[in-house]
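Taking it in order: structure first as structure tokens, then the write-up.
The values are calculated or read from the model by the stated rules, or taken from the named source; none is laboratory data. Computed from a predicted structure; not experimentally measured. Quick reminder, even Gly has a Cβ in these numbers, built from the backbone with ideal geometry, and neighbours come from all protein chains shown. Please note that ligands, DNA and RNA were not included when accessible areas were found on the heavy atoms of the full protein model with its side chains. Shrake-Rupley method; radii C 1.70, N 1.55, O 1.52, S 1.80 Å.
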Amino acid sequence: MNKTTATIRAGLARRYARERRFRRFGLGAIIVSMLFLFILLFTIFSQGVSGFSQTFIKLDVVLDEATLGVGPGATGEQLRNAGFAKAISQSLYTLFPDVSSRSDKRNLRALMSSNAPYRLMGIVMDDPSLLGQTYSGWFLADDDIDTYLKGHVDRSLPETDRRLKDQTLGWIDRLEAEGRIEKRFNTEFFTNNDSREPEQAGILGALMGSFFTMLVTLLLSFPIGVAAAIYLEEFAPKDNWFVDLIEVNINNLAAVPSIVFGLLGLAVFIQLFGVPRSTPLVGGLVLTLMTLPTIIIASRAALKAVPPSIREAALGMGASRVQTVFHHTLPLAMPGILTGTIIGMAQALGETAPLLMIGMIAFILSTPEGITDPATVLPVQVFLWSDSPERAFTEKTSAAIIVLLGFLILMNLLAVLFRKKFERRW
Amino acid sequence: MSFATTSLDTGMTKQPHSSTETAPGNMRRATTAPLDIETVVEELKELPQPVGMPLLDDPKYHTRDVSVFYNETKQAIFNVDLDIGRNEVIAMIGPSGCGKSTYLRCLNRMNDTISGCRVTGELLLDGEDVYARSQDPVLLRARVGMVFQKPNPFPKSIYDNVAYGPRLHGLANNRAELDEIVEDSLTKAGLFKEVKDRLNLPGTGLSGGQQQRLCIARAIAVSPEVILMDEPTSALDPIATGIIEELIDTLRQSFTICIVTHSMQQAARISQRTAYFHMGYLVEVNDTNTVFTNPEHLLTENYITGRFG
Ligand SMILES: Nc1ncnc2c1ncn2[C@@H]1O[C@H](COP(=O)(O)OP(=O)(O)OP(=O)(O)O)[C@@H](O)[C@H]1O
Ligand SMILES: [Mg+2]
């Protein structure tokens with residue numbers, strides 16, 4: 001055995017031990033992070049899943065002229081002023097005929113969510129033939145009832161310490177016995193906007209706000225970011241102090257706290273250019289500023305990773321520089337660019353701070369229909385709800401987080417799909 | 001067939017320009033007295049012109065006083081004067097790192113792509129200044145094709161690799177014409193038989209030698225006037241090398257070919273003229289036969305006799 005072999009053999013055990021140690025360390029790191037992820041997801045899901053269901057009470061509403069004040073053939077205008085609230089109350093009184101005092105009646109009415117009359121109005125407007133008939137349907141219960149049914153109220157507490165009094169609990173027990181009270185999947189969570197009443201609060205507005213904001217962000221940051229990266233990587237003169245300055249600044253921008261972009265957006269876009277505040281447009285502009293450095297840096301790295309021999313081959317064939325980029329370099333860099341873009345967009349989707357600065361925290365009751373309507377976004381909605389005192393908003397918060405996570409997963413899936421599509425071209 | 005004989009004939013028809021005028025190099029030709037190589041290399045700097053026959057009448061390329069700098073301090077080529085004749089194969093030989101590739105890359109301005117690289121001197125292709133502002137590098141590179149030292153097929157299909165140039169320059173009017181160009185180019189490069197069933201598979205999936213032949217096919221698909229080949233056969237087996245050498249000999253009928261090679265047998269077989277580079281200096285240019293049988297400069301002789309390099 002020669003000397004080299006002996007030396008190598010002597011060191012082998014140590015080498016492998018080091019390798020095993022490193023492998024165990026890596027595995028440990030992965031297990032710990034998976035554990036935390038699991039705990040996070042578990043808490044969110046266990047709390048949030050109940051946010052998707054809501055308590056409904058079945059009422060038989062008599063839609064006669066005496067209660068509503070309008071008969072069959074009423075116009076829309078008349079319907080809007082009709083006594084639907086009275087009809088709802090009447091149906092409750094019929095269910096519990098023994099309730100008579102004014103305060104008891106008020107408590108009884110409080111079983112229902114305040115939007116029950118509007119739901120009823122909507123139903124009747126859709127189907128005017130119901131006028132004069134009796135309509136049986138499920139209406140949202142008040143959030144206190146919902147909280148109770150979800151098991152968050154301790155009946156053994158003395159009555160004065162509870163939000164739900166014995167009288168109300170008695171009514172609920174009776175409704176339960178009659179099968180008139182039920183937790184159902186809450187479609188209104190997806191079709192309503194924000195509301196002061198937790199049982200009526202939905203995320204449609206925030207969802208649309210997020211969608212429009214992301215649309216603006218993507219449409220601006222992707223082309224600008226990729227173009228900037230291509231210019232810097234393929235065309236800009238090397239060893240030029242100005243280009244170096246730009247590079248340093250882009251890298252620094254990536255590290256700037258996002259709230260600063262919000263201040264910038266406020267000062268520049270809103271105050272200087274007069275872009276309407278609280279809108280997806282200004283939100284998208286601000287998030288574009290925030291996302292651009294991420295996209296530029298990722299795209300440059302992806303472009304840099306394309307072997308120079310490919311560029312030489314194309315140039316040597318007589319392709320112009322732009323042709324070289326678009327025929328060869330860019331397609332080869334696309335997977336990396338898309339990954340960077342998705343990371344940037346995911347960051348933007350979850351961003352709250354800068355949007356607070358430009359007024360996207362407003363309480364918006366109407367669904368935004370375009371990029372210039374006032375809107376809020378999902379993470380801001382989460383922030384708003386988590387700040388609300390009502391117990392029922394806690395689960396709304398988690399439910400909204402689940403929706404947000406769902407969107408992130410969707411985006412990642414899209415990214416994977418795109419990557420696959422581009423990678424198939426070798 | 002013997003390439004060496006055919007090449008000699010054509011080589012001889014060229015009129016020597018003025019190269020036989022005394023150059024200091026002549027003084028030092030192959031004496032047996034062991035000269036200090038260092039001083040010989042030092043004296044290269046005073047050599048006003050390569051020894052032998054660097055200049056021609058009516059050349060394809062006319063290059064004078066060409067120097068290449070990779071940056072302020074690194075000069076890779078020193079004042080090279082060389083003419084490259086029409087329809088000739090000129091071989092460039094020399095030890096590794098002597099600037100063969102660098103000089104070759106000046107001829108189609110591939111050095112433009114290296115940041116900091118500066119080329120000075122006069123380079124004329126058919127009398128047109130290659131480095132003039134008005135010179136379009138795209139057109140230039142379509143006229144002057146290149147095969148690189150390392151095979152660099154596009155990560156596309158074999159077909160698309162070869163069809164890239166014709167598509168780029170609009171050389172085929174329809175699919176049938178394009179198919180014909182692709183098949184023709186692949187056949188000339190000696191690759192068609194091997195790949196005809198998998199034209200749609202990635203060119204990067206071929207073996208190294210096949211990739212190099214693919215690159216040759218790609219370069220000749222646009223029928224350039226000049227083809228620059230940087231060690232095109234260094235990764236090929238003798239059979240494929242033979243095919244490429246035969247191809248080079250046929251291409252010579254219509255094109256000018258500059259080939260860098262480390263194989264002196266290859267240079268002797270396929271070229272009419274040979275240029276010997278040493279440490280960035282062009283030392284000697286002459287008919288291939290003369291260079292290999294009767295080198296004038298000591299460095300050339302040392303190199304071809306295998307004493308160094
Ligand atoms: N991009 C570059 N930047 C700086 N110096 C370079 C660059 N490319 C080549 N050089 C230097 O220029 C000199 C000539 O290089 P070149 O590639 O032309 O050599 P060559 O003769 O082709 O060698 P080989 O036979 O090994 O291919 C070498 O000293 C090399 O280090
Ligand atoms: Mg080389």
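Could you pull out the residue among A:PHE407, A:PHE383, A:PHE326 that is modelled with pLDDT of 85 or more, open to solvent by 40 Å² or more (accessible area, probe 1.4 Å) and within 14 Å of chain B (Cβ to nearest Cβ)? The unique qualifying residue is A:PHE326.
Taking segment B:137-156 as the range and being more than 18 Å from B:TYR103 (Cβ to Cβ), more than 16 Å from ligand 2 (Cβ to nearest atom) and open to solvent by less than 10 Å² (accessible area, probe 1.4 Å) as the test, the residues that pass are B:PRO153, B:PHE154. Would you say A:ILE270 is more than 14 Å from chain B (Cβ to nearest Cβ) and either among the basic types (Lys, Arg) or within 26 Å of A:LEU417 (Cβ to Cβ) (or both)? So A:ILE270 fails the test. For segment A:330-349, check the following and say yes or no: at least one residue is crowded, with 18+ Cβ neighbours inside 10 Å, under 30 Å from B:VAL144 (Cβ atoms) and either free of Cβ contacts under 8 Å to residues at least 24 places away in the same chain or under 20 Å from the mean Cα position of the chain (by Cα) (or both). No, every residue in segment A:330-349 fails to be crowded, with 18+ Cβ neighbours inside 10 Å, under 30 Å from B:VAL144 (Cβ atoms) and either free of Cβ contacts under 8 Å to residues at least 24 places away in the same chain or under 20 Å from the mean Cα position of the chain (by Cα) (or both). Can you find even one residue in segment B:119-136 that is hydrophobic (A, V, I, L, M, F, W, C), within 12 Å of another protein chain (Cβ to nearest Cβ) and either open to solvent by 20 Å² or more (accessible area, probe 1.4 Å) or touching a Pro at 6+ places or on another chain (Cβ under 8 Å) (or both)? No; the residues of segment B:119-136 include none that is hydrophobic (A, V, I, L, M, F, W, C), within 12 Å of another protein chain (Cβ to nearest Cβ) and either open to solvent by 20 Å² or more (accessible area, probe 1.4 Å) or touching a Pro at 6+ places or on another chain (Cβ under 8 Å) (or both). Of the helices (runs of 4 or more DSSP H) contained entirely in segment B:1-112, those carrying at least 3 residues that are of a type outside the set (D, E, K, R) and at pLDDT below 90 fall at B:3-13, B:24-27, B:37-44. Given the conditions (1) within 14 Å of chain A (Cβ to nearest Cβ); (2) within 23 Å of A:LYS238 (Cβ to Cβ); (3) surrounded by 18 or more Cβ atoms within 10 Å (Cβ to Cβ), report the number of the one that B:SER115 does not fulfil. That leaves (3) as the condition not met. Of the numbered criteria (1) in contact (Cβ under 8 Å) with a residue 60 or more places away in the chain; (2) in a helix (DSSP H, G or I); (3) within 30 Å of A:PHE52 (Cα to Cα), the one A:PHE269 fails is (3). Within the set A:ILE203, A:ILE250, A:ILE230, the sole residue that is open to solvent by less than 20 Å² (accessible area, probe 1.4 Å) and under 30 Å from B:ASN71 (Cα atoms) turns out to be A:ILE230. For beta carbons closer than 8 Å, sequence separation of 6+ or different chains, a first residue in segment B:144-162 that is free of Cβ contacts under 8 Å to residues at least 40 places away in the same chain and a second that is within 16 Å of ligand 2 (Cβ to nearest atom), the qualifying pairs are B:LYS150/A:SER309. For segment B:269-309, the set of residues classified as in a helix (DSSP H, G or I) and within 13 Å of ligand 1 (Cβ to nearest atom) consists of B:TYR303 only. Of everything listed in (1) more than 24 Å from B:ILE216 (Cβ to Cβ); (2) within 16 Å of ligand 2 (Cβ to nearest atom), the single unmet condition for B:THR113 is (1).
Just so you know, in segment A:33-71 the residues that are over 23 Å from A:GLU178 (Cα atoms) and touching a Gly at 6+ places or on another chain (Cβ under 7 Å) include one that is surrounded by the most Cβ atoms within 10 Å (Cβ to Cβ), and it is A:LEU68. Within segment B:215-271, the only residue that satisfies the criterion of being over 25 Å from A:ALA314 (Cα atoms), within 16 Å of ligand 2 (Cβ to nearest atom) and either open to solvent by 60 Å² or more (accessible area, probe 1.4 Å) or modelled with pLDDT of 95 or more (or both) is B:HIS262. Scanning segment A:273-321 for residues that are in contact with a Phe, Trp or Tyr (Cβ under 9 Å, 6 or more places away or on another chain), within 14 Å of chain B (Cβ to nearest Cβ) and not acidic (Asp, Glu) yields a count of 8. Cβ-Cβ distance below 8 Å, separation of 6 or more or different chains: which pairs start in segment A:147-166 with a residue that is in the same structural domain as A:LEU108 (by TED's automatic domain parsing) and end on one that is of a type in the set (Phe, Trp, Tyr)? Pairs found: A:LEU164/A:TYR148. Could you grab me the full set of residues in segment B:52-75 that are free of Cβ contacts under 8 Å to residues at least 40 places away in the same chain and within 15 Å of ligand 1 (Cβ to nearest atom)? Once the filter is applied, which keeps residues that are free of Cβ contacts under 8 Å to residues at least 40 places away in the same chain and within 15 Å of ligand 1 (Cβ to nearest atom), segment B:52-75 yields B:GLU72, B:THR73, B:LYS74. For B:LEU199, the test of being away from ligand 2 (no atom under 16 Å from the Cβ), open to solvent by 10 Å² or more (accessible area, probe 1.4 Å) and more than 18 Å from A:GLU312 (Cβ to Cβ) is passed.
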